[in-house]
Structure formats: structure tokens, C-alpha cells
Amino acid sequence: MGRRFSLLFLMIVTFVDADTLLGLLKKIENNHTLHMTYQQKSFVCTPYGVETVSQLVLRTDVNSTCLKYLNDFRQAYPYEKPFAQTILHVQQLYSVEGKKDRCLLKLRSDHSYSESLIEHGYGRIPLAFEFEDEILKYRFIRAQQRAQKTKAGIWSDMDMRNCFLTDDKK
């Protein structure tokens, strides 16, 4: 009985869906860099369909004034920087779907990690982003509209929002 249960568990872990796998979260570097493993192979999970505040720090087109707004924002929103650590747990399995060169990490709440970042105002849908899936596009747009309506995160500060909404150079 125990051997049959183990085999069944292994089958469920390995084959959740044809396009989905269960990855083990090994390390959270920041809100846009998650280190995971699948079948003892390491990979970096970068959230699909969202540009995070953490990524803004690394962009080369951000001027010194915007960097000052970013630092002010991070002081006003101390929960932004460790956001991933508050909703994700290292050594836990997550359903992950590959999308373009990114991943869609699903949470137990039926939301994705990307949607949570957007809804909390810690990220936004990149300008001119082309979604592969219309349902995801709708869900992400609705999450961003909720953030804008409630003035969450970047949507609460006009200076930060304007810096964040400059065209990204990719």
C-alpha cells in the first residue's frame, strides 16, 4: 500500500498538466528572480506578464531623479521589497507553467504570483506586452485596474508611477 501511494504521489507531482510542472522553490532572490528546481534541474523563474519594481532598479534608462523616487517609494512601502517572501515559501512545490521565456507561478488562491504583484502595485503589465492567452490578459488587466483604483503601490505616487511607466528598453 505504501509503495503504491508513493508511486501515485510521484505521478501526480511529475505530471500535473501537459504544459505545467511542479517546481520546488529553492531561493527567493527578489520579486522577479525565483530559483526553482524540477527533477533535480535548476531554473530561474521570472514572473510572466509583469515588470516589477525590483526590475526598475536594474533598468539602464532610469534617471537619477527616478532612482530617488524609487528609494522614497521603497521607504514608504517597506513590504514591497520582501513581498515574494511573504506569499511564497522556500522548499514548497508550486505549479509552474512556461510562457515565452518567463514562468507563470500559480498560487493556491487560483491567482498567479504575477497577478499578486500587479494587484499590490509592486509591478505593472509591461508596455506593449503581448499575451499568449486572452483569459490571462483579462485577469492581468483587471488586477492592474484594481491596483489603480485603490491606488496600491506604484499607483499611489504620481512621480513613481510616471518613472515606472517610461517605455522599457528590452
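The values are calculated or read from the model by the stated rules, or taken from the named source; none is laboratory data. Everything numeric in this text was worked out from a predicted model, so none of it was measured. FYI the Cβ positions are ideal-geometry reconstructions off the backbone, even for glycines, and counts take in every protein chain you see. Only protein heavy atoms, including side chains, enter the accessible area calculation; ligands, DNA and RNA are left aside. Shrake-Rupley method; radii C 1.70, N 1.55, O 1.52, S 1.80 Å.
For the subset of region 137-162 comprising residues that are surrounded by 21 or more Cβ atoms within 10 Å (Cβ to Cβ) and modelled with pLDDT of 95 or more, which member is farthest from Leu22 (Cα to Cα)? Filtering first and then ranking leaves Ala147. On inspection, Glu97 does not qualify as under 21 Å from Ile154 (Cα atoms), modelled with pLDDT of 90 or more and open to solvent by less than 70 Å² (accessible area, probe 1.4 Å). Arg108 fulfils the conditions (1) at pLDDT 90 or above; (2) within 20 Å of Lys27 (Cα to Cα) except for a single criterion, (1).
Output the number of residues of region 23-59 satisfying the condition of being in contact (Cβ under 8 Å) with a residue 12 or more places away in the chain and either in a strand (DSSP E or B) or open to solvent by 40 Å² or more (accessible area, probe 1.4 Å) (or both).
Restricting attention to region 23-59, the residues satisfying the condition of being in contact (Cβ under 8 Å) with a residue 12 or more places away in the chain are 23-28, 30-34, 36-39, 42-43, 45-57, 59.
Subset that is either in a strand (DSSP E or B) or open to solvent by 40 Å² or more (accessible area, probe 1.4 Å) (or both): 23-28, 30, 33-34, 36-39, 42-43, 45, 47, 51-52, 57.
Total meeting the criteria: 20.
Look at (1) surrounded by fewer than 17 Cβ atoms within 10 Å (Cβ to Cβ); (2) free of Cβ contacts under 8 Å to residues at least 60 places away in the same chain and you find that Phe83 fails only one, number (1). In this structure, is Pro82 of a type outside the set (Phe, Trp, Tyr) and closer than 18 Å to Asp133 by Cβ? Spelling it out, it is not the case that Pro82 is of a type outside the set (Phe, Trp, Tyr) and closer than 18 Å to Asp133 by Cβ.
Matching residues to (1) part of a helix (DSSP H, G or I); (2) polar (S, T, N, Q); (3) open to solvent by less than 30 Å² (accessible area, probe 1.4 Å):
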residue	(1), (2), (3)
Gln91	no, yes, no
Leu104	no, no, yes
Leu117	yes, no, yes
Ile135	yes, no, no
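Limited to region 61-78, what total is found for residues that are hydroxyl-bearing (Ser, Thr, Tyr) and either within 21 Å of the chain's Cα centre (by Cα) or surrounded by 16 or more Cβ atoms within 10 Å (Cβ to Cβ) (or both)? Explain how you work it out, then say what you get.
Let us first name the residues in region 61-78 that are hydroxyl-bearing (Ser, Thr, Tyr), namely 64-65, 69, 77.
Going one step further and asking which of them are either within 21 Å of the chain's Cα centre (by Cα) or surrounded by 16 or more Cβ atoms within 10 Å (Cβ to Cβ) (or both), we end up with 69, 77.
Within region 61-78, residues that are hydroxyl-bearing (Ser, Thr, Tyr) and either within 21 Å of the chain's Cα centre (by Cα) or surrounded by 16 or more Cβ atoms within 10 Å (Cβ to Cβ) (or both) number 2.
In the condition set (1) modelled with pLDDT under 95; (2) part of a helix (DSSP H, G or I); (3) within 13 Å of the chain's Cα centre (by Cα); (4) not hydrophobic (A, V, I, L, M, F, W, C), Lys81 is compliant with all but (2).
Of all the residues in region 119-152, those that are β-branched (Val, Ile, Thr) and either farther than 14 Å from Gly49 by Cα or in contact with a Gly (Cβ under 8 Å, 6 or more places away or on another chain) (or both) number 2.
Looking only at region 121-133, residues that are more than 11 Å from the chain's Cα centre (by Cα) and open to solvent by 20 Å² or more (accessible area, probe 1.4 Å) come to 7 in all.
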